[in-house]
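The block underneath contains the structure these notes are about, expressed in structure tokens.
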């Protein structure tokens, strides 16, 4: 069933692509109606697919939500790990791991970035 749905979605996407290119060249009403019908069918299939995944994730959270907040802790750690900066290279090319040094590198980068912008503004004002 899953394979049939995936092949149907793939076939609909290909048919839509063919009709879109035909519609760009001819722009007839029949092609537009067929294209709209195929898009509606694809939307319905994808909506069912998303609803099933939503139901699956709700069931997953329901089953795992009472395990001593393990699920919540894992989600928070994933978010924290994605936003954590482990190291930066300074202008000499040295790797800096300490948070104070990383902050200095970021500060100097943005300071130089905005000073370039202000010098660019001054040079464009002089040209006018």
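Just so it is clear, none of the values below were taken in a lab; they were calculated from the coordinates. Only a predicted model underlies this, so the values are computations on that prediction, with no experimental measurement involved. Every residue, glycine as well, gets a Cβ built from its backbone with ideal geometry; the counts of neighbours run over all protein chains shown.
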Considering every Cα-Cα pair within segment 26-116, what fraction, in whole percent, is farther apart than 21 Å?
-> 67
Extension gain, residue 112 back to residue 8 (0.36 nm per residue minus Cα-Cα distance, nm) | 32.1 nm
Round to a whole angstrom and tell me the spacing of the C-alpha centers of segment 1-65 and segment 74-109.
-> 42
The simple spin-label model distance between residue 32 and residue 76, using points 7 Å out along Cα→Cβ, in nm, is 5.5
Cα Rg, Dmax (largest Cα-Cα span) when computed across segment 8-53, Å = 11.8, 39
